[in-house]
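Structure first, then comments.
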Amino acid sequence: MTDIAVIDYGMGNLRSVSKAIEHVAPQLRVTVTSDPEVVSGAGRVVFPGQGAMPDCMREMDARGLRKAVVAAAREKPFLGICIGLQMLFDNSEEGDVAGLGLLPGKVRRFPHEAMVDARGEKLKVPHMGWNEVHQTMPHPLWEGIASGSRFYFVHSYFVEPANPQLIAGYSLYPFSFTCAVASGSIFAVQFHPEKSQAAGLRLLANFAAWQPAAAGMRVPADAMR
Amino acid sequence: MGLAKRIIPCLDVTAGRVVKGVNFVGLRDAGDPVEIARRYDEQGADELTFLDITASSDGRDLILHTIEGVAAQVFIPLTVGGGVRTVEDVRRLLNAGADKVSINTAAVQNPQLVADASARYGSQCIVVAIDAKRVDRKTDAKRVDFPADAERAAHGAAPRWEVFTHGGRRATGIDALEWGRRMEALGAGEILLTSMDRDGTRNGFDLELTRAFSGMLDIPVIASGGVGNLDHMVDGITKGRADAVLAASIFHYGEYTVRQAKEYMARCGIEVRI
């Protein structure tokens with residue numbers, strides 16, 4: 001059985017994600033998969049994504065993965081990364097596409113008119129590089145990571161949760177935007193932990209060991225022993 | 001504090017080895033890409049760029065093994081360039097563990113490649129490398145500052161740069177700024193901008209070129225070509241307004257560590273990841 005399934009729906013490079021998890025949790029079996037049954041049988045699920053969200057939604061559905069993704073997000077430790085975070089929400093400005101609707105809120109583009117720093121210099125989109133991540137709640141996935149640690153980002157859209165209680169972290173570019181959310185067994189981040197050196201590896205190690213037991217969520221099988 | 005400016009060491013590789021002199025203290029086997037990548041990672045490099053300088057097509061696959069080896073141990077973004085001709089080349093490099101692929105000559109020969117690769121894998125992983133050379137007036141490689149407007153007027157024209165390919169040997173007649181705009185429109189996620197006038201001179205970036213690109217484009221611009229000291233890196237950010245600076249020799253020859261460069265830039269008021 002697969003310990004951690006990395007969902008592959010044909011969008012982008014998942015090797016980095018699986019390699020980084022294997023590096024921090026060599027005892028676990030990590031499988032990159034587009035098979036809904038493997039996702040359903042896995043102990044934990046990583047939901048990455050690169051490129052444009054409309055393409056990601058389409059490719060996910062083309063592989064019949066939607067049900068398995070939704071079920072995994074409700075039932076077991078679930079880590080969304082980049083577009084994998086954005087797809088959890090209701091809808092996105094990118095192509096005006098509907099998301100999975102697992103979390104309330106929308107995905108917006110960095111607005112052109114706001115992209116100026118304190119010195120009046122133009123800020124580039126995509127937001128690319130290392131930015132500080134400020135933690136807004138204690139969470140097992142933040143364990144051992146100082147608030148304000150830098151993670152690697154590359155994105156042009158960001159999530160705007162309708163419920164502020166979902167927000168687990170934010171960054172500034174130039175305004176404050178949500179870069180991490182937490183809800184039950186879901187933790188999802190806009191940045192790339194697999195490319196964020198020590199802080200990112202720690203977050204992945206925390207995920208590999210995480211035993212969520214949120215109210216209303218089914219306790220994952222491996223936590224009941 | 002927000003987004004940090006990036007420092008990117010560049011490694012030339014061929015036949016599975018890093019070439020150009022590399023002189024890390026205490027590192028005997030200086031040519032091993034994994035060892036060198038790890039060292040830069042430990043020093044705080046924000047990304048690494050590998051340039052495959054293999055001339056023939058025979059040895060091309062070796063770069064894949066190199067990237068696989070580095071990607072299994074170094075968890076920062078890796079860019080690979082050199083000899084990328086097709087979407088299939090892009091795919092193979094990404095599968096080997098590259099996070100971004102840099103396209104140079106092939107973009108000029110076939111601009112559609114940039115559009116296709118970006119549509120397939122996302123613009124975040126497509127870097128277009130532009131080798132630009134001044135064509136407006138006699139090249140003055142020693143110049144590190146901007147010419148005054150009056151002086152420029154005396155020369156009769158605004159500065160102009162032309163795109164060169166094949167490692168700077170072949171002129172294309174294409175205006176570099178127009179080319180940059182076109183590449184952005186076709187889906188480039190980032191521009192790696194090298195001044196052919198400055199590359200190898202250690203006289204600093206062509207700041208006017210860098211600033212012209214950065215001011216014109218919405219996507220990030222990496223300044224390259226000419227770094228000889230830490231002030232040059234600072235100038236690339238503050239005067240050239242680059243989003244990232246790429247350098248090879250000042251790190252390879254052990255003059256400065258990446259950390260020293262970052263500490264110096266931080267003292268100059270530049271936001272860096274330390």
Lone unmet requirement of (1) away from every other protein chain (no Cβ under 12 Å); (2) of a type outside the set (Lys, Arg); (3) outside any strand (DSSP E or B) for A:Glu160: (3)
Every residue from region A:34-49 that is over 20 Å from A:Gly99 (Cα atoms) and buried (at least 20 other Cβ atoms within 10 Å of the Cβ): A:Ala42, A:Arg44
Close pairs from region A:1-25: first more than 8 Å from chain B (Cβ to nearest Cβ) and open to solvent by 10 Å² or more (accessible area, probe 1.4 Å), partner at pLDDT 90 or above and assigned to a helix (DSSP H, G or I), Cβ under 6 Å, at least 6 apart: A:Met1/A:Gly41; A:Thr2/A:Val38; A:Gly10/A:Glu59; A:Val24/A:Leu201; A:Val24/A:Leu204; A:Val24/A:Ala205
Condition met for A:Arg108 (among the basic types (Lys, Arg), over 30 Å from B:Lys5 (Cβ atoms) and free of Cβ contacts under 8 Å to residues at least 60 places away in the same chain): no
Region A:187-211 - residue that is open to solvent by 10 Å² or more (accessible area, probe 1.4 Å) and more than 18 Å from B:Glu47 (Cα to Cα) and, of those, farthest from the other protein chains (Cβ to nearest Cβ): A:Gln211
Subset of region A:69-82 (residues that are out of contact with any Lys or Arg (no Cβ under 7 Å at 6 or more places or on another chain) and open to solvent by less than 10 Å² (accessible area, probe 1.4 Å)): A:Val69, A:Ala72, A:Ala73, A:Phe78, A:Leu79, A:Gly80, A:Ile81, A:Cys82
Tally of residues being at pLDDT 85 or above and open to solvent by 30 Å² or more (accessible area, probe 1.4 Å) across region B:135-165: 2
Hits in region A:107-155 - residues which are more than 12 Å from chain B (Cβ to nearest Cβ), assigned to a loop (DSSP other than H, G, I, E, B) and of a type in the set (Gly, Ala, Ser): A:Gly144, A:Ala146, A:Ser147
Answer residue from region B:42-67, given it is open to solvent by 20 Å² or more (accessible area, probe 1.4 Å) and at pLDDT 95 or above and is nearest to the other protein chains (Cβ to nearest Cβ) among those: B:Glu42
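The values are calculated or read from the model by the stated rules, or taken from the named source; none is laboratory data. Please read all numbers here as calculations on a predicted model, not as lab measurements. Positions of Cβ are backbone-derived with ideal geometry, glycine not excepted, and every protein chain shown enters the neighbour counts. Areas reflect the complete protein model, heavy atoms only, side chains present, ligands, DNA and RNA absent. Shrake-Rupley method; radii C 1.70, N 1.55, O 1.52, S 1.80 Å.
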